[in-house]
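As structure tokens, the structure follows; a few thoughts come after it.
The values are calculated or read from the model by the stated rules, or taken from the named source; none is laboratory data. Predicted model, so just to flag it, every value in this text is computed and none were measured. Please note: Cβ atoms are built from the backbone with ideal geometry, for glycine as well, and neighbour counts cover all protein chains shown. Just so you know, the surface numbers come from the protein's heavy atoms only, side chains and all, with ligands and any DNA or RNA stripped out. Shrake-Rupley method; radii C 1.70, N 1.55, O 1.52, S 1.80 Å.
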Amino acid sequence: MTGTEDWTGRFEGLSPLEAPHRRMLLDRSRIIAADEGACVFHAGTAPDTMLLLLEGSVRVQQTSGEGHEIVLYRIEPGQTCILTTACLLAADDYAASGITETPVKAAAIPKALFDDLMAQSEVFRRFVFAAFSKRFADLFATIDEVAFQRLDMRLSDRLIRLSGGGETVAATHQKLSVELGTAREVISRQLQEFQRRGWIEQSRGNIRLLDKPAIARLADKDRQR
């Protein structure tokens, strides 16, 4: 279905788009929806659309040859996918997969339209490269975190974030290992240490934060490095 709603205002950088190019974007793109847990793109395949996320959240994760997984970044409403942009520009295949974490709604721009707008619209080019630059910086922050920062600090920071202001985190050891790019056994040992300190209480698929200030202090040390 062709998108009739003018959704371009939801994306920073598209508001000054020239009227003919805005009309081209709206007429030739389409609005798509996907349920939670859907794979919106697969490693090893070539992209045929650029997705601009309107609603929901998509997790972009990579799997090593040994089967280890790591979350590279998330796409939230008003954002684009740096990996898709890179693959469209280079005519290359995906090196990671995109999994919906919630039901999502997105504007899908066909590759031919993407190419036309990149060639014809300076505003669209600026939008694409500005978004690409910002997400590239985020990706480097993830690399820095995995390579150089202590796991206990990273884990405490992730627990605080995943709690969403509450006292409970609904996550398995496997999910946390993917979030942090390490082995499940390593996460299990670190959580056992947090439990020994009286910071958390574990049950199947859930982690209750008993001493959130202590966990937050350790997370703050990570952010201050």
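Evaluate the following for I215: is it assigned to a strand (DSSP E or B) and β-branched (V, I, T)?
When the stated conditions are applied, I215 does not pass them.
Looking at (1) in contact with a helix residue (DSSP H, G or I) (Cβ under 9 Å, 6 or more places away or on another chain); (2) open to solvent by 40 Å² or more (accessible area, probe 1.4 Å); (3) part of a helix (DSSP H, G or I), can you tell me which one A95 breaks?
The one condition A95 does not meet is (3).
Could you tell me how many of the residues in segment 80-106 are farther than 19 Å from T8 by Cα and either without any contact (Cβ under 8 Å) to a residue 60 or more places away in the chain or among the acidic types (D, E) (or both)? Let's see the steps before the verdict.
Going residue by residue through segment 80-106, those that are farther than 19 Å from T8 by Cα are 83, 86-103.
Going one step further and asking which of them are either without any contact (Cβ under 8 Å) to a residue 60 or more places away in the chain or among the acidic types (D, E) (or both), we end up with 83, 86-98, 101.
Within segment 80-106, residues that are farther than 19 Å from T8 by Cα and either without any contact (Cβ under 8 Å) to a residue 60 or more places away in the chain or among the acidic types (D, E) (or both) number 15.
Go through segment 114-123 and give me each residue that's in contact (Cβ under 8 Å) with a residue 40 or more places away in the chain and open to solvent by 60 Å² or more (accessible area, probe 1.4 Å). Give the derivation first.
Let us first name the residues in segment 114-123 that are in contact (Cβ under 8 Å) with a residue 40 or more places away in the chain, namely 114, 116-117, 120-121, 123.
The answer is Q120, and nothing else.
Cβ-Cβ under 9 Å, sequence separation 6+ or interchain: first residue in segment 124-135 and closer than 14 Å to T84 by Cβ, partner polar (S, T, N, Q) and open to solvent by 20 Å² or more (accessible area, probe 1.4 Å). Which pairs?
Close Cβ pairs satisfying both conditions: A131/Q79; R135/Q79.
Applying the selection to segment 175-189, what residues are open to solvent by 20 Å² or more (accessible area, probe 1.4 Å), in contact (Cβ under 8 Å) with a residue 12 or more places away in the chain and assigned to a helix (DSSP H, G or I)? Show your work before the answer.
Kept after step one, since they are open to solvent by 20 Å² or more (accessible area, probe 1.4 Å), are these residues of segment 175-189: 175, 181-186, 189.
Okay, now just the ones that are also in contact (Cβ under 8 Å) with a residue 12 or more places away in the chain, so 181-183, 186.
Listed by number, the list holds a single entry, V186.
Run down I109, I70 and say which single residue is surrounded by fewer than 20 Cβ atoms within 10 Å (Cβ to Cβ) and either in a strand (DSSP E or B) or within 11 Å of the chain's Cα centre (by Cα) (or both). Can you show your working first?
Values: I109 fails: surrounded by fewer than 20 Cβ atoms within 10 Å (Cβ to Cβ).
Exactly one of I109, I70 is surrounded by fewer than 20 Cβ atoms within 10 Å (Cβ to Cβ) and either in a strand (DSSP E or B) or within 11 Å of the chain's Cα centre (by Cα) (or both), namely I70.
Condition check ((1) surrounded by fewer than 17 Cβ atoms within 10 Å (Cβ to Cβ); (2) free of Cβ contacts under 8 Å to residues at least 24 places away in the same chain) across all residues:
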{"site": "E18", "(1), (2)": "yes, no"}
{"site": "R22", "(1), (2)": "no, yes"}
{"site": "A38", "(1), (2)": "yes, no"}
{"site": "M50", "(1), (2)": "no, no"}
{"site": "L53", "(1), (2)": "no, no"}
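Could you say whether any residue in segment 194-202 is touching a Phe, Trp or Tyr at 6+ places or on another chain (Cβ under 6 Å) and surrounded by 13 or more Cβ atoms within 10 Å (Cβ to Cβ)? Explain how you work it out, then say what you get.
Residues of segment 194-202 that are touching a Phe, Trp or Tyr at 6+ places or on another chain (Cβ under 6 Å), as a first pass: 200.
With the extra rule that they be surrounded by 13 or more Cβ atoms within 10 Å (Cβ to Cβ), the set shrinks to 200.
Yes, there is a match, as at least one residue in segment 194-202 is touching a Phe, Trp or Tyr at 6+ places or on another chain (Cβ under 6 Å) and surrounded by 13 or more Cβ atoms within 10 Å (Cβ to Cβ).
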